[in-house]
Each structure stands twice: as structure tokens, then as C-alpha cells.
1. Hey, what do the phi angles of segment 65-79 turn into as Karplus ³J(HN,Hα) couplings, whole Hz, using 6.51/-1.76/1.60 and θ = phi - 60°, x for Gly and Pro?
2. For segment 2-252, what is the charge dipole size about the Cα centre, in debye to the nearest 20, if Lys and Arg each add +1 at the Cβ and Asp and Glu each add -1 at the Cβ?
3. Of SER79, SER36, LEU99, whose Cα points farthest to the positive end of the dipole of segment 2-252 (charges on the beta-carbon: +1 Lys, Arg; -1 Asp, Glu; origin at the Cα centre)?
4. Sorting SER220, SER74, SER95 on the 10 Å Cβ count, fewest up front, what's the list?
5. At a 10 Å Cβ-Cβ cut-off, how would you order CYS239, CYS135, fewest neighbours first?
6. Among TRP111, TRP8, which comes first, second and so on when ranked by fewest other beta-carbon atoms within 10 Å?
7. Ranking request for peptides 141-148, 229-236: highest mean number of other beta-carbon atoms within 10 Å first, then the rest in descending order.
8. For LYS198, list the aspartates and glutamates whose Cα falls under 15 Å from its own Cα; do not include residues on the same chain fewer than 8 positions away.
Amino acid sequence: MNGVALIWSKDMREMLFSRKATLSLVLGTLLYSLASYLILTNTGITLLTQAEALWAFSKTAILVGLLVVLVESSASLASEFESGTADLLLVAPLSLRELVLAKVGVALTLWAALYLVSIPYVIVIATGTGATFACLAYSAVVGTLAVGALALPVTALGLAFRSVRNTLVTSLLVLLAFAVPAFFAGTLSAGGVGTVLKRLDPVQNAFAILDNVIVDNNFSVGSNAGDLTSLVVFFLGSCVVLAVVVLHIERTGPVPPAGP
């Protein structure tokens, strides 16, 4: 695991001393500020109850985290192959799985930073609802599971494509495919097909849990067991997909350099 820590610390130092991390956090802060301003001041949106406003902001925080982390996951591993640095890293006493684990760790660390930035906004919007702690706790858990559920397959795509552009385009399509239906969950869930699609969508599962906790005040894990189980299963499935891709490449030989 020393290799994982070394690559993770190297990437984190590069992010801290480059514009990438700063821009990501600034973008997250701006989007959080815009969302909270619209939720609290817009005449159309202020018809929402305070709990519904908190739910709307919590969904925005997760979507911002998904967008930023998927973009980072798209570039993190694929760029190593495009630049040729992956070949140098793998010549050293470092396995492919250690390299992949380090990249996943960087992506999740970026999500953790964005989550920390969102905390003051949640505290302000949640004032008087009695759901501040529950919102923060569930947002941390379901947000991490949802981000991981999509970031892990994107990392696998970066390993397979070895092209930042191809991986980025595909990851954005994946995000749209899961995020857009989440905003029409009430319509889609009316039928059997909609229910199945909801169970297969980690973003919808995360939103449904937050709705149940923040709006309906169902704080117990048992009351959210169905959506939480679906979210965990999707996350574990994503772990399996990434593991299979890594093991396949390790067994079939050295990773070839990226194509033009």
C-alpha cells in the first residue's frame, strides 16, 4: 500500500500547487452560492418549505460533486497513459492496481473537499428544520456512495480508452443518463418500468434517501433500507467492474501506450 500512498500524495501535491484543485473548489463554491441564493430568494422557489429547500440544495451539492469528480476521474488515469508517465510508473515497483487505487483515492478526496465546502450552506439553510445533523450525515454517506458508484466505472473507462477526450465525453453522457431521470423520478416511478429504472439509478436512490430524511423526517436507516441497499449494490457492482478491468489488463500483459 506504500505505492498507493506515494501516488496519492504526489497527485494531491500537484493539485494543490496547480490551478486544477483551486478551480474545482471555486467552481463548487460558486455553484453552491448560486443554488442557495436562488433557493432562498427566488419568488418562485420560496414557495417551497424550508425542508424542501434544504433537499433541493442537498441534491445540488451531490450533482456538483458528481460533475467535478467525474471530470477528474476522466482525466486522472487516462492522462497518465496519454503522456507516457504510466509506463514509467509501472516500470517502478508499482502495480497497476496500486496506481488505480491511488487515482480513485484522489477522486474521493476531491469529493470530500467539496462536501466540506457545502457544510456551511447546509447549516444556514437547515436552521430551524431540526434536520441539520441528519442531512449532513446522510449526504456524506449517500453522496460518497453515489460518487463512487459512477467514478469507479469512469476510472475503468479511462484505463480501457487511455484517452482523456473519449473518457470525458463518455463520462458526461453517463452522468446525464443517470442524473436527468432523477429529476423526473416522480413521473417515472408511477409504473413498473419506472420503479426498475429507479432501482438501477444511484443518483435517484441518493435523492430518494435525502427526500425521505429531510422532507419526511424518516431518520432511521431502516426506513431508507430499500434505496440504501440499491445504492450499496450499485457501488459494489462498480467496484467489481473496475477490479475485473484491472485484473484483465494485469493478466494480459503490459498496458500499451495510448494511441493518437
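Read the figures in this text as sums done on the coordinates, not as results from a lab. What you are looking at is a predicted structure, and each value in this text was computed from that prediction instead of being measured. Note: ideal-geometry Cβ built from the backbone for every residue, glycine included; neighbour counts use all protein chains shown.
1. Using θ = phi - 60°, the values come out as x, 4, 4, 5, 5, 5, 5, 5, 5, 5, 8, 4, 7, 4, 5 Hz.
2. Using only the charged Cβ atoms, the result is roughly 240 debye.
3. Selected residue: SER79.
4. SER220, SER95, SER74
5. By the 10 Å Cβ count, ascending: CYS239, CYS135.
6. TRP8, TRP111
7. 141-148, 229-236
8. Result set, ordered by chain and number: ASP211, ASP227.
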